[in-house]
Structure formats: C-alpha cells, structure tokens
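The values are calculated or read from the model by the stated rules, or taken from the named source; none is laboratory data. Only a predicted model underlies this, so the values are computations on that prediction, with no experimental measurement involved. Counting neighbours? That spans all protein chains shown, and the Cβs are built from the backbone with ideal geometry, glycine included. With ligands, DNA and RNA removed, areas are computed over all heavy atoms of the protein, side chains included. Shrake-Rupley method; radii C 1.70, N 1.55, O 1.52, S 1.80 Å.
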Amino acid sequence: MTSDDADDTGASDESGESGAKKQRSFWKELPLLIGIALLLALLIKTFLVQAFSIPSDSMQNTLQQGDRVLVDKLTPWFGSEPERGEVVVFHDPGNWLAGEPTPTPNAIQKVLSFIGLMPSAEEKDLIKRVVGVGGDTVECKGTGPLLVNGKALDEPYVFPGNTPCTDDTEGGQFKLKVPDGKLWVMGDHRQNSMDSRYHQNDPGGGFVPVDNVVGRAFVIAWPPTRWATLPVPDTFDQPGLSAAMSAAPGALGLAGAVPFVLWRRRKAAVQG
C-alpha cells in the first residue's frame, strides 16, 4: 500500500509540472500569435480587402452614413479596371474634399486603421458609382434620364424623390465624352452629391483617373442589420450600351471584307 501511494503521489506531481509548462508556453507564444495575426491583417488590407466608412449621404439609399463597406483591392492588381455600375472608392482626384473636416483619430484608432481593422480617418477618399468609362458619351438633359452612349439608364437605385439628372446651371446639364483612362462618377443621391458633374471646371474636368481607384465596394459589412451585396445593376447590361462593343461588329466586318475585295480585284486582273 505504501509503494502504491508513493507512485500515485509521483504521478500527480509530474502532471502538475506538465500543466504549468503548457500554461507558460501559451503565454510565451501569445505575442508571436498576435504578431502573425497583425501581419496577416496588414497584408489583407494592402492587397485584398479594406474596410471603409461612409461619411456622407451622397450614396443614399444604397449606402447610409455610418455604413462600413468592404472594398476589393485584389482585382486591380491583375489589370482589371472599373466598369459601369460599380460602386468604387477612389482617392480625391483634385481637392474635391477641400474644406471638409478631417477627424483626429486616437492612438488605438491609428493602429487599427493601419492594419485595416477599421477605416482610416486621415485618408481623403470618396465613394461614388461609375456611370461612364473611357470612350463613353454621357449626357444629362433636363431631369433625365441619364444617357450613356445614347442609351437611357433605368436607375432604381437613385434616391427616392430625386431625378436622374439635376436641372441646374452649375453642372447638372452636360454632354461629354470620357477620355481613355478616366471615369465619370455620380452619387445615387443625385440632388445631394458633389460628384463629377460639379467639378467640370476643375483642372481634371471632373473625371477620375482609373489609377486613383482603390477598389470596388462589394458588400455592406456593418451594421449587421444593413448587410447586403453591391452588385452591378441590370441596366448596365442592356444591349448596345458599350460604345466599344457597338462599334466592334462594323469594324470586324470591314476588316474581314478588305482581304476579300482585294482577292476579287486580283482575280479579275488576272482573268483580264
């Protein structure tokens, strides 16, 4: 009995020492785990996805002030450019936000924004909907509808009570062609959005360089009651909307006809 008691006591002491070692090991590894998690968050923010906060009402009702959206930053790395209908975040192309107050973040907010766990309060970024890309002709006459390459857009996302076009003399009436490498953007709250329309007299003419685009907002992530995806509306898929595509069949037909005509003329010359 004495021998058995000694064995039991020894086993108990060994188990206690093992548990203490495991506990100490966990606390030693915790800083490493935190460091890896922060590094992964930073890489995700830099190359994949970043959260942005909606600061104004210019995109109502699609986006509400205070919403948090997730922005896809990956696809631009593969050469993908913004398309019509996408909601995009972009760097201020020319002092569009001049005079707007910039909140002062505290130390914790700075760290969290640096690693992408919360939006940065210091970055001068905007969020709007792309309605025209390079080569497109965009037109607003009267109260609308908005025309892209002569096609009227059906825009159910426009804020209730707004008209697709704004009948004013400050920039709401226009017909212009979007240069290559540029975008024409407008807010969904048409009568409460200082977008491309109202920066036509700026050096950039109201156009947003494609290189200024951070990425496409693809989902409302916060608050949970507002969770929703941000797909491209069907109106941007209507036939003939793309200026490039509408010209393509004619160009291809001409390219195919030229060799045939030359062959016929050469054959006729030989026979003659």
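I'd like to know if the range 209-220 contains one or more residues that are over 15 Å from residue 125 (Cα atoms), open to solvent by 30 Å² or more (accessible area, probe 1.4 Å), outside any strand (DSSP E or B) and not aromatic (Phe, Trp, Tyr). No: zero hits. Restricting 135, 215 to residues that are within 15 Å of the chain's Cα centre (by Cα), small (Gly, Ala, Ser) and farther than 15 Å from residue 96 by Cα narrows the list to 215. The residue list 30, 74, 39 contains one member that is surrounded by 12 or more Cβ atoms within 10 Å (Cβ to Cβ) and either at pLDDT 70 or above or under 40 Å from the mean Cα position of the chain (by Cα) (or both), which is 74. The residue pairs whose first member lies in the range 199-222 and is under 18 Å from residue 131 (Cβ atoms) and polar (S, T, N, Q), whose second member is in a strand (DSSP E or B) and open to solvent by 30 Å² or more (accessible area, probe 1.4 Å), and whose beta carbons are closer than 7 Å, counting only pairs six or more residues apart or on different chains, are 212/91. Selection over the range 169-182 of residues that are of a type in the set (D, E, K, R) and at pLDDT below 95 gives a count of 1. Does residue 94 count as surrounded by fewer than 21 Cβ atoms within 10 Å (Cβ to Cβ) and touching a His at 6+ places or on another chain (Cβ under 9 Å)? So residue 94 passes the test. Going by the structure shown, is residue 178 closer than 21 Å to residue 145 by Cα and open to solvent by 20 Å² or more (accessible area, probe 1.4 Å)? It is false that residue 178 is closer than 21 Å to residue 145 by Cα and open to solvent by 20 Å² or more (accessible area, probe 1.4 Å).
Yes or no, residue by residue, for (1) touching a Leu at 6+ places or on another chain (Cβ under 8 Å); (2) of a type in the set (S, T, N, Q); (3) modelled with pLDDT under 95:
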site	(1), (2), (3)
92	yes, no, yes
108	no, no, yes
113	no, yes, yes
128	no, no, no
136	no, no, no
143	no, yes, no
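Going residue by residue through the range 185-195, is there one that turns out to be more than 20 Å from residue 59 (Cβ to Cβ) and surrounded by fewer than 19 Cβ atoms within 10 Å (Cβ to Cβ)? The answer is no, given that none of the residues of the range 185-195 is more than 20 Å from residue 59 (Cβ to Cβ) and surrounded by fewer than 19 Cβ atoms within 10 Å (Cβ to Cβ). Evaluating residue 239 against the criteria (1) at pLDDT 95 or above; (2) open to solvent by 30 Å² or more (accessible area, probe 1.4 Å); (3) part of a loop (DSSP other than H, G, I, E, B) leaves one unmet condition, (1).
Output the residue which, of all residues in the range 135-165 that are among the hydroxyl-bearing types (Ser, Thr, Tyr) and more than 18 Å from residue 59 (Cβ to Cβ), is most open to solvent (accessible area, probe 1.4 Å). Among them, the one singled out is 143.
Taking each residue of the range 50-70 that is over 14 Å from residue 126 (Cβ atoms) and looking for partners that are among the basic types (Lys, Arg) and modelled with pLDDT of 90 or more with beta-carbon atoms closer than 7 Å, six or more apart or interchain, yields 51/68; 64/226; 67/226.
State the number of residues belonging to the range 94-106 that are at pLDDT 85 or above and more than 16 Å from residue 53 (Cβ to Cβ). Count: 3. All of 168, 202 fail the test of being surrounded by 14 or more Cβ atoms within 10 Å (Cβ to Cβ) and assigned to a loop (DSSP other than H, G, I, E, B), apart from 202.
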